[in-house]
Amino acid sequence: MKDDFAQAFKEEAREQLADLENSLLALEESPEDLGLVGRIFRTMHTIKGSGAMFGYDDIASFTHNVETVYDLVRGGELAVTRELVDLSLAARDRILAMLEASETGGAVDAGLNEQVIDGLKKLMPDGCRGEQRPAAGDDRQAGGRAEAGGRDKGGSALATYRIRFRPEPAMLCRGSNPLSLLRELQELGNCTTVAQTGAIKTLEELEPELCHFFWDLILTTDKGEDAIRDVFIFEDDCQLSLAVIDDGSGQDEGGGYKKLGEILVERGDLTAEQVAELLGARKQFGVLAVEAGILGPESLAPALLEQQHVSGARRQRQEQGQESASSIRVPAEKLDVLVNLVGELVTVQARLTLVAQEFKMHAELVNVAEEVERLIGELRDNALDIRMLPIGATFSKFKRLVRDLSAELGKEIELTTHGAETELDKTVIEKLNDPLVHIIRNCIDHGIETPQERLAGGKPRGGTVHLSAVHSGDSVLLTIKDDGAGLNREAIRAKAIERKLIAQHAELSDKEIWGMIFAPGFSTAAKVSSVSGRGVGMDVVKQAIDGLRGTIEVESAPGRGTAITLRIPLTLAIIESLLVQIGADRFVLPLSLVEECILLSREQIDRQHGRDLLQVRETIVPYLPLRRIFKMAGSPPELQQVVICRIQEKRIGFLVDWVIGGHQTVIKSLGPMYQRVEGVSGATILGDGSVALILDIQAILRGAELETDHSLGILSKDDMA
Amino acid sequence: MDQDQVLVRINEREASTDIALSGPLTVDRIEEVRVGLLRAFALGKSVRISLAAVTDVDLTGLQLLCSAHRTSIARELDLRVTSDGCPALSSVAGVAGMLRHIGCPQDGCGTCVWKGDSALGREAA
């Protein structure tokens, strides 16, 4: 159980550190924002408090120092400077390092920790550098106020109090004013005030300078009982009764409150017997009690208000509770197991559908199979949906990257984002991190110019890297766009010729030229920096995106910048696919890439004299005969089928024996032995229990292009003749 | 007129006695107002009190109005109090918890001045 709590602490601390980083970056932009300062302080305080609770004393002690600094900022004793933000970010990194070291058992660089703390202490005004300066709200301060019963009299929990305040009659003559006391109470929280006027007499008998009122108040506040009593601290002669009628801890009250009769008995206005007697009649209880003459309206009014007030407060709390209970924390592994199980279920369901087709005469079996298919389809969609996460958290991480790198390179770069709420499968998001880092580093290092260069080019000093995400069908389009110098077409072309990637006089479109940057080891950078320029990166990006079954497109304009668009599938677990057969083997192609299927007869093939081209309406489409590529024995049927796919704006066909049809493919990874097999990205189990390989058609295309030494997508006119 | 001086102006009409109060309705002058109100009730007609020119109200002012209401019930005379949105009254009545849905124990005829949506002082409360 202790381990569970420690794990929960670590998970929450990581979230808080991510939040802290965002808050610090925002504070740098808005140093006057006291709300952010408060937020940073509270985050530090929480990490410190929970760290100490779970035995992470090093984290608690380190964080205490940072918290102290922000207490000074909060109190206006210390200004927010770039240096403070730098040190705070460094402190945040040190806390993360300590957290990670606690998981891996590694050592923490104590010297680095000290450097950060020393730096922070130097920022503090003289007299504030003492080691043990307690931060405001420190647990040690609050510790002495905790009540034995567990409820903190000093405040924090939202509780509702019933207060009766009876001032001393001559209070007004002494210059005291009960109204100011009432105002103070009302400022403590949500307060319902009822003046009791029963003691006021007619004009003949009234002593007008004396106070004949008393008050019943219902107050919901998190300030605690002490704060209420403090209001009356100088009013010794007043009568004050105070009772907690709702301590805010009840979770099962269902948003309601006591019945009116209970309240009146509790207040001493009625006896239980009187209540029981009245309940026999079928009228509103309060009306009955007043009618019976046993309860004055002056007693009924505050009781009714108490009922309304507490019910309202509880409803509000319940709504807030429902809000916070509307999400629960579940370990990611459990979700992975769930999705795997759903995958198995989808496979079994496919078998069931096959069996049902064999026994078509059993209408009931067919009905059940169809119903199961529908339900499993919904279950699959819901299970996959659970793993969907907004990409915003990943975007936030890059703010820091852009800030630190641009400072290192002496550039002024702002990161802007759009579509942070766009959701992607958790696994996809995790795998996207590294490619995005590579691309953004390249934007900063090679794309965006120095402030001087930008000014000379008539651009604003500061550059922008814009990250955006948007849904597009079953994919998400991620665009990384900078307003830098753009790609140098001639330099890329020259490098490609030098590296024999293209022929000396090859005529290439812009897209094909830009595509060269993804070739292994390709770099046009004149010098290698610590950031990039070694030519390692963009090919890794390409591989990673291919691994996600995604595509990359580059657009660039000289002097105006570059945009790299990644099309990423929403999920990696289950995909809609097209099942095809070659010989006795079956294969799966991602349906998202398939445009159409065309029949191809042996006669049509013979007419092309060995060139793998197919006339589709007005256009010529090249195709790859998979049987030949896979070196499969046997002869193809008389009539084959070409599955035409669109890959990076090109239409390419894949020749197969038969197209079986649409298929829900649960992706299974291949074992380590087969992971490097080109052209196959995974496998799936079919309804009859056999295995079908999932084709990586982009890799097949690349392989074919390398083999034929020219791009299939850029056929010359001669080829088409 | 002295700003601190409460003025009680009584105007006897055929069917009612009108009382216009002006200045502060506070503890310092409250006895003076009480006497004025008693004089008005002594005429035996319906009483109409206008608070439109009142500049300040404290608790004694509020309880004096309750007392006048009780007097009207005891003497079986109609009482009508108008404030024309007097801001001093509205804020004090709200803080003091005067605004209510049920009248006081003496309010058998439902004429409580603090009761209902159009009650005295409810305008800005």
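Each of the peptides A:364-376, B:85-97 was scored by the mean count of other Cβ atoms within 10 Å over its residues; in descending order, highest first, they stand as B:85-97, A:364-376. At a temperature of 37 °C and a viscosity of 0.692 mPa s, determine how fast the stretch A:433-476 diffuses translationally according to Stokes-Einstein, using the Kirkwood radius over alpha-carbon pairs as Rh; express D in µm²/s, rounded to the nearest whole number. It diffuses with D of about 265 µm²/s by this estimate.
Rounded to whole numbers, the Karplus 3J(HN,Hα) couplings from phi for the stretch A:651-657 are 9, 10, x, 10, 7, 10, 5 Hz, using 6.51 cos²θ - 1.76 cosθ + 1.60 with θ = phi - 60°, and x at Gly and Pro.
Debye-formula intensities of the stretch B:1-73, expressed as log10 I(q)/I(0) at q = 0.13, 0.26 Å⁻¹, are -0.33, -1.25 (one equal scatterer per alpha-carbon, no solvent).
Any idea what angle helix A:332-358 forms with the longest principal axis of chain A, computed on alpha-carbon atoms, 0 to 90 degrees, nearest 10? Around 60 degrees separate the two axes. Each label point was placed 7 Å from the Cα along the Cα-to-Cβ direction; for A:A557 and A:L639 their separation is 5.1 nm. Between the helical axis of A:538-547 and the longest alpha-carbon principal axis of chain A there is an angle of about 80 degrees. Helical runs assigned H by DSSP (4 residues or longer) give chain A a calculated mean residue ellipticity at 222 nm of -14000 deg cm²/dmol, each run adding -39500 (n - 2.57) before division by the residue total.
Once the Kirkwood radius over Cα pairs is known for the protein assembly as shown, the Stokes-Einstein relation at 25 °C and 0.890 mPa s delivers a diffusion coefficient of 70 µm²/s. Extending 7 Å from the Cα toward the beta-carbon at both A:A26 and A:N177 defines two label points whose distance is 4.0 nm. Averaged over peptide B:64-77, the number of partner chain Cβ atoms lying within 10 Å of each residue's Cβ comes to 4.
Per-residue 3J(HN,Hα) values for the stretch A:194-201, derived from phi via the Karplus relation 6.51 cos²θ - 1.76 cosθ + 1.60 with θ = phi - 60°, read 10, 7, 9, 10, x, 8, 7, 9 Hz in sequence order (x marks Gly and Pro). Tell me the Kirkwood hydrodynamic radius of the stretch A:404-569 in angstroms, computed as one over the mean inverse distance between distinct C-alpha pairs. Answer for the stretch A:404-569: a Kirkwood hydrodynamic radius of 16.5 Å. With a cut-off of 10 Å between beta carbons, the residues surrounding B:D18 carry a summed charge of +4, where Lys and Arg count +1 and Asp and Glu -1. Within the same chain, lysines fewer than 8 places from A:K223 are excluded, and of the rest, those with a Cα less than 30 Å from its Cα are A:K48, A:K153, A:K258, A:K259. From the alpha carbon centroid of the stretch A:391-419 to that of the stretch A:440-482 is 10 Å.
Relative protection proxy for A:23-34, A:104-115, A:183-194, A:234-245, from highest mean packing down: A:183-194, A:23-34, A:234-245, A:104-115 (other beta-carbon atoms within 10 angstrom). Taking label positions 7 Å along the Cα-Cβ direction at both A:R14 and A:R42, the computed distance is 2.4 nm, reported to one decimal. Can you pull the Rg over Rh of the stretch A:574-720, Cα-only, Kirkwood? Result for the stretch A:574-720 is an Rg/Rh of 0.95. Quick one: helix A:297-325 against the long Cα principal axis of chain A, what's the angle to the nearest 10°, folded into 0 to 90? The answer is roughly 20 degrees. Subtracting the Cα-Cα distance of A:A170 and A:E291 from their residue separation scaled by 0.36 nm leaves 40.1 nm. Residues whose amide H comes within less than 5 Å of that of A:D246, counting only those at least five positions distant or on another chain, are A:T160 (H built at 1.01 Å from N in the peptide plane). Among the listed pairs A:K411/A:K650; B:K45/B:K115; A:K459/A:K500, a Cα-Cα separation exceeding 28 Å is found for A:K411/A:K650; A:K459/A:K500.
Under 5 Å between amide hydrogens, built in the peptide plane, is the criterion, and for A:T464 it picks out A:E414, A:D483 among residues at least 5 positions away or on other chains.
Based on Cα contacts under 8 Å between residues 6+ apart, chain A shows a relative contact order of 7 percent. Count Lys and Arg as plus one, Asp and Glu as minus one, and take only other residues whose Cβ is under 10 Å from that of A:P390; the net charge is then -2. Take each peptide in B:19-26, A:460-467, A:354-361, B:38-45, count the other Cβ atoms within 10 Å of every residue, and average; sorted highest first, the result is B:19-26, A:460-467, B:38-45, A:354-361. For the set A:K397/A:K511; A:K542/A:K668; A:K10/A:K426, the pairs lying more than 25 angstrom apart at their alpha carbons are A:K397/A:K511. Per-residue mean of foreign Cβ neighbours for A:301-311 is 1 (Cβ atoms of other chains, 10 Å radius). Counting Cβ atoms of other protein chains within 10 Å of each residue's Cβ and taking the mean over peptide A:178-188 gives 2. Proximity of backbone amide H atoms, modeled 1.01 Å from N, is registered between A:N488 and no other residue at under 5 Å, excluding neighbours fewer than 5 places apart on the same chain.
Remark: the stretch A:81-89, residue by residue, has Karplus-estimated 3J(HN,Hα) of 10, 4, 4, 5, 5, 4, 5, 5, 5 Hz, where x stands for each Gly or Pro and the curve is 6.51 cos²θ - 1.76 cosθ + 1.60 at θ = phi - 60°.
Coordinate-derived values only; no laboratory data. Predicted model only: the values in this text are computed from it and were never measured. When we count neighbours, we look across all protein chains shown, and the Cβ atoms used for this are built from the backbone with ideal geometry, even at glycine.
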